[in-house]
Structure formats: structure tokens, C-alpha cells
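What follows is one structure encoded as C-alpha cells, with my remarks underneath.
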Amino acid sequence: MSARCQDSAGDIRPAPYQVAWQDLEFGVILHFSTNTFLDREWGDGTASPSDFNPTHFDPEQWMKAIRDSGAKYVVLVAKHHDGFCLWPTEQTNYSVKSSPWRGGKGDVVGDVARAARKYGLEFGVYLSPWDRHEPRYKDSAEYDRYYNAELEELAQNYGDLVEFWLDGAGSAGHVYDFKKIIETLRTYQPNTVVFADTGLFEYGDARWVGNEAGIVNYENWNVIDRHGYRRWRPVEADTPLRDKHWFWHPNDESSLKSLSTLLDTYDKTVGRGAQLMLGLAPDNRGLLPDSDVKRLEELGLALRKRSENNLALHKHHAGGAKFEAALDGDPDTFWSAPEGSHQADLEVEFDEPVTFDHALTMEWLNDGQHIQKYAIEVWSESKKQWKRIAEGQAIGHAKIDQFPAVTAQRVRLRILSSSGEADIREFQLYDWDHLNLN
């Protein structure tokens, strides 16, 4: 067994289901409820179930567009803050069973779950703790029983859940039994990633980035400290496809984010070791708007074009068998620095000079996050010395470094400091600035 430095953060390892979730990288959260039909972002619980009546409900149309975007998982808002439930719960009549849609016999959660899996996407749910409709909300104990009964239905009846969202919005002053909520979930879903803000430190497997812009503004460490206790809590960064709008609104085309904005968001989330959670909103027909579908297809095509441009994979080089596992385009293999080392170099020498402006580096995290400082350098033949083009303090699941285009025949990744020997899944080089992504 390799010797690892006994660093309190570096020794903390993710659970297998956290590793699998981080490998998904890009997900979608779906907002679709009575707000969709009332031009609202925040419902107050007074909407009538009769307001919910999509005429062309087609979750397979959603899932095809989501799959084509490059996303790998879907979280459905099964109940937002207004308390209206998108499945025929036995706990309240304030749900789809009281709506005219499908004569009260419909089940949005079930239909979306089946459609997601048909298109190869993992499925999860968001169940708002805050409930502006349910009278029992005034009594914490009574409401906890109500909420847990709803959670039991979702956890038992819709297959494996990849993620469960615990949103703290609107709940100031209300006391929830979060311990019991997680116990309820874990009874039926032991491998579900629980998303929660750091305020619910003991109960979450993933944490909020701290903004709704979809940007990681800091060196991203998966291990976070609260009250002197450290846990593996990777970041999920949520942002809507339409600027500041989670639900669909009429006459709202100007809010649709551009392809360049979405790619920048991707690079500042997935490219900084976090999950990207993109918010989508079906319209009052029950369909994703055509413009949204088109933009999602453009995003997926652009991401595929970028990934096909890996110079370290497609240009012949003399990296040698020593480093091949980090240069083979396969994230299931990895190169390890010498046993017991805290510094190391991974070098690639091409047969001829190559030009590139981005690098993507992935750390193997199953044994913890160890790299604390790194640099990317190129060899200057004229000056006979190495030139630094990028550096940082954390790599984590993935790190995309951007820099002015450089041409070089020799490139190296320098591990300047690590709490144990570094493990690199991938070191990839790209020339993205010259790609035609439209």
C-alpha cells in the first residue's frame, strides 16, 4: 500500500456514489408547476390546481434536448415552495390529481423519470422543505411527518435517485428535523447524493457554490471545514438557461443565454472542479421552447467539437509508457507520481511543435484530493528554459486553464506541492480559440 502523508484534509475520501456523481459533471434542474401557467417565479400557495393543465406535455422532448446538450443527469422539482405536488401524493389534494390534466390521473414525476432513463440520463428530485400552502407547516413536528411521508413516496416509487435537493430558501425561523429527513431518504436510497448548503453541513453530500451565476470564484477544494469537522462536500453550481428565470415566462426570448455565455459558464464550473446544474423550464404547453432546444443542441455540439481537439491524444508524441495513462483520453486510467513524493513532473514531447491555448487536467480523487499547487510550463528552445503559462492551487475533479496561445514541442505539468503522491487521470491540451463552434 502506498504511503500517504497524514494530512487531515488529504486523508478524507469520497464515497463511491460521490465519485460516480462527480463523473457526471453536467446536470439539469427542471422547474415546471403552477407558476408556469401564472407568469410567476415564486408561488404563494394560493394557485388553484386547475391552473395546471399542459396541452402537449412531452418529457421525452425535454430529455432528447437535454441529452443532446451533453448533460448526464436530471433533477425534477417535484414540489416547489408553493406546495403543489407533481405526483399524485396521498398526503394532500394539492397536487396533479386535483388538476384537469389527464383527468387527475397524471403523474409528472413518473413520466419524467421514465423519459430520463429512456434517454440514458440519471434522475433525481427536489422536494422543497418550505411549503406556503400546507396548513401543517405552522407546526414543525406535524409538518415534518407530512414532509417525510412525501419523501417516502418519492424515494420508494421512482427508482434509483441520483440526487436529492434540500433547498433552504424561505425557511428562516422554521425548525426542520433534518436528521430524520436524511434517515428517511437513506432507508430507501443509500446512494443518493444529497445537495444542501453548508448550513446543513452534517446532512449533505454536495454543497451550493454560493451564487446562481454558475461560477466558481475560488480555488475549489472538495473537503470543507465547518466547526472543526471536515467532510467531502463537492460543489454544485446552479444557473438558469434564461437569465435569472427558473420558470418559463411569456415574451421572454431576450433572457436566453448565448452559446458563448454557456461555454464560459461551463469552463467556470466543470472547468473548476464543480458540477454544472443548468436550469430548464418547460412552457405552458408542456414542451421546452424551440429556442431553448436549439441552444441546448448548440451547446452539446460545441462541447463535442472541443473534446475532439485533444492534441495530447491525436498528435504523435513521446510521452512514453510512463505517462501514457494520463494522456490516453480515458479517465478510468491514471498516472501516479513516485510513491511518497510531494513533487513530480509529467512531461509530453511532441514530434513537432503544437499550438494550444487551453489545458484540461483531472485528478484521480478516489484516494482524496492531494494536489495543493501546480504549474503548466512549455520549453523555450531559443532560451533553453521552461516558461510558465498557468498555475493554481487546486485541480480536483477537473481544471481547465486558459492562456494566450503558445507554440511548443515540450510541455510539462509540474506538481509543486501535494499532500501525497499525485494521481492524474488526464492531462489534455487544446486549441479552442480557433475552433468554429457555431
I'd like to check something: does the range 151-160 contain any residue that is assigned by TED's automatic domain parsing to the domain that holds residue 47, farther than 19 Å from residue 21 by Cβ and aliphatic (A, V, I, L, M)?
yes
Based on what the data block shows, is residue 243 of a type outside the set (A, V, I, L, M), free of Cβ contacts under 8 Å to residues at least 24 places away in the same chain and either under 21 Å from residue 75 (Cβ atoms) or surrounded by 15 or more Cβ atoms within 10 Å (Cβ to Cβ) (or both)?
yes
Restricting the search to the range 295-329, which residues are without any contact (Cβ under 8 Å) to a residue 24 or more places away in the chain and within 21 Å of the chain's Cα centre (by Cα)?
307
Taking interchain pairs and intrachain pairs at least six residues apart, which have beta carbon atoms under 7 angstrom, with the first residue in the range 260-279 and on the phi > 0 side of the Ramachandran plot and the second surrounded by fewer than 24 Cβ atoms within 10 Å (Cβ to Cβ) and of a type in the set (Lys, Arg)?
273/399
Among the residues of the range 79-135, the number that are in contact with a His (Cβ under 6 Å, 6 or more places away or on another chain) and assigned to a helix (DSSP H, G or I) is 0
Assuming residue 325 fulfils every condition listed in (1) closer than 24 Å to residue 215 by Cβ; (2) crowded, with 18+ Cβ neighbours inside 10 Å apart from one, which condition is it?
(1)
If you take the residues in the range 272-285 that are surrounded by 21 or more Cβ atoms within 10 Å (Cβ to Cβ) and part of a loop (DSSP other than H, G, I, E, B), which one is farthest from the chain's Cα centre (by Cα)?
282
Could you list, ordered by first residue, the pairs with Cβ atoms under 9 Å in which the first is in the range 97-115 and in the same structural domain as residue 73 (by TED's automatic domain parsing) and in contact (Cβ under 8 Å) with a residue 60 or more places away in the chain and the second is of a type in the set (S, T, N, Q) and not in a helix (DSSP H, G or I), at least 6 apart or interchain?
108/33
Residue 21, sole failed condition from (1) over 18 Å from residue 128 (Cβ atoms); (2) touching a Leu at 6+ places or on another chain (Cβ under 8 Å):
(2)
Out of the residues in the range 34-72 that are of a type outside the set (A, V, I, L, M, F, W, C) and crowded, with 23+ Cβ neighbours inside 10 Å, state the one that is nearest to residue 95 (Cα to Cα).
34
Among (1) touching a Pro at 6+ places or on another chain (Cβ under 9 Å); (2) surrounded by 22 or more Cβ atoms within 10 Å (Cβ to Cβ), the one test that residue 409 misses:
(2)
For a quick check of your reading: which strands (runs of 3 or more DSSP E) sit entirely within the range 324-434 and have at least 3 residues that are among the basic types (Lys, Arg) and at pLDDT 95 or above?
399-418
What number of residues in the range 6-56 are within 16 Å of residue 286 (Cα to Cα), in a helix (DSSP H, G or I) and of a type in the set (Gly, Ala, Ser)?
1
When the range 422-438 is checked residue by residue, the ones that are over 30 Å from residue 337 (Cβ atoms) and more than 24 Å from the chain's Cα centre (by Cα) are 433, 434, 435, 436, 438
Within the bounds of the range 87-110, is there any residue that is closer than 22 Å to residue 292 by Cβ, touching a Lys or Arg at 6+ places or on another chain (Cβ under 8 Å) and at pLDDT 95 or above?
no
Give me the residue from the range 246-259 that is in contact (Cβ under 8 Å) with a residue 12 or more places away in the chain and of a type in the set (D, E, K, R) and, out of that set, farthest from residue 220 (Cα to Cα).
253
Under 7 Å between Cβ atoms, which residue pairs at least 6 apart in sequence (or on different chains) link something in the range 423-438 that is more than 23 Å from residue 372 (Cβ to Cβ) and surrounded by 13 or more Cβ atoms within 10 Å (Cβ to Cβ) with a partner that is modelled with pLDDT of 95 or more and among the charged types (D, E, K, R)?
430/306; 431/357; 432/306; 432/357; 435/305; 435/306; 437/305
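The values are calculated or read from the model by the stated rules, or taken from the named source; none is laboratory data. Note that the structure is predicted; figures quoted are calculated from it, not measured. A quick note on method: Cβ atoms are made from the backbone with ideal geometry, for glycine too, and the neighbour counts reach across all protein chains shown.
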